[in-house]
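Beneath this line is the structure, given in structure tokens, with notes to follow.
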Amino acid sequence: MMTSLEKAVQTQLANIQKKTGMTLKELSALAKKSGLTKHGELRELFMEKLSLGHGDANTLVHEILKSDGARTAEGKSTDAVLDEIYSGAKAGFRPIHEKLMKAIGEFGEFEIAPKKGYVSLRRKKQFAMIGPKTNTRFEVGINIKDLKKNSRLQEQPSGSMCNYVIPLTDAKEVDAELVAWIKSAFEEAG
């Protein structure tokens, strides 16, 4: 069974094929014919030649090179990586992850890169990190500057991977306020 993450990638790839009028095989042949091998060079090629946005071009290069974080996270599938992140005492955090991904998925194109203990969400740059911090605490990290002071927002020291962290313990805490903060970070990262 496909995860919501894998479904999203498949939908994105189908949309890329519609936009370009080319199959994945043809897109792969175009990449090969270009002689370019680096991820960034191929992404630029697709953005320039096919007028794809950054997110679409990035996903396409990952598909062609089979190099996305989900596949390279120790050679495991996205499902396996998420199952590992949300196992044992952290299993109860999976509903928070699913609710966040459903809300964030409605913003538009972005790249999902599962890491060892969390999931990184990127456009031109990382805009959020989601995952369990400990067995009893889930965190959403967001990259955005100058949010209004709020008791839920924990400002992080300069140089941290995210400007703010929002701790969560329940899916009910994924509310309009939190989604709006993430959406602002998403828009700023485009």
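Prolate is the label for the chain. Its Cα gyration tensor axes, ordered a ≥ b ≥ c, give a/c of at least 1.5 and a/b above b/c. When each of the peptides 39-46, 107-114, 24-31 is scored by the mean number of other C-beta atoms lying within 10 Å of its residues, the order from highest to lowest reads 107-114, 39-46, 24-31. Restricting region 83-190 to trypsin sites (Lys or Arg not before Pro) that sit in a DSSP loop and have at most 11 other Cβ atoms within 10 Å of their own Cβ leaves 116, 125, 145, 148, 149. Here the sum of -39500 (n - 2.57) over DSSP H runs of 4 or more residues, divided by the residues of the chain, equals -14000 deg cm²/dmol at 222 nm, to the nearest 500.
Residues in region 100-121, backbone N under 13 Å from the label point at residue 152 (7 Å along the Cα-to-beta-carbon vector): list them, ranges by number please. What the label zone holds, given the 13 Å backbone N cut-off, is 100.
With the cut-off at 25 Å, tell me which of the pairs 66/115; 7/125; 32/183; 149/183; 90/149 have Cα atoms farther apart than that. In this structure, 32/183; 90/149 lie more than 25 Å apart at Cα. Calculated FRET efficiency, residue 10 to residue 161, Cβ-Cβ distance, R0 = 45 Å: about 0.95 to the nearest 0.05. Rg and Dmax of region 80-146, based on Cα coordinates, read 11.9, 37 Å. Prolate is the label for region 4-67, because a/c, from the alpha-carbon gyration tensor with a ≥ b ≥ c as root eigenvalues, is 1.5 or above and a/b exceeds b/c.
Whole angstrom only: what separates the Cα centroid of region 24-59 from the Cα centroid of region 123-169? First find each Cα centre; the distance between them is then 32 Å. Identify all aspartates and glutamates with a Cα-Cα distance to residue 49 below 13 Å; exclude those on the same chain that are fewer than 8 residues away in sequence. Reachable aspartates and glutamates: 41. Which shape class, rounded, prolate or oblate, goes with region 90-188 when its Cα gyration tensor gives a ≥ b ≥ c as root eigenvalues, a/c under 1.5 marks rounded, and past that a/b bigger than b/c marks prolate? Rounded, since a/c falls under 1.5.
Each reported figure results from applying straightforward, stated rules to the coordinates on display, with no laboratory input. Just so it is clear, the structure is predicted and the values come from calculations on it, not from any experiment. FYI the Cβ positions are ideal-geometry reconstructions off the backbone, even for glycines, and counts take in every protein chain you see.
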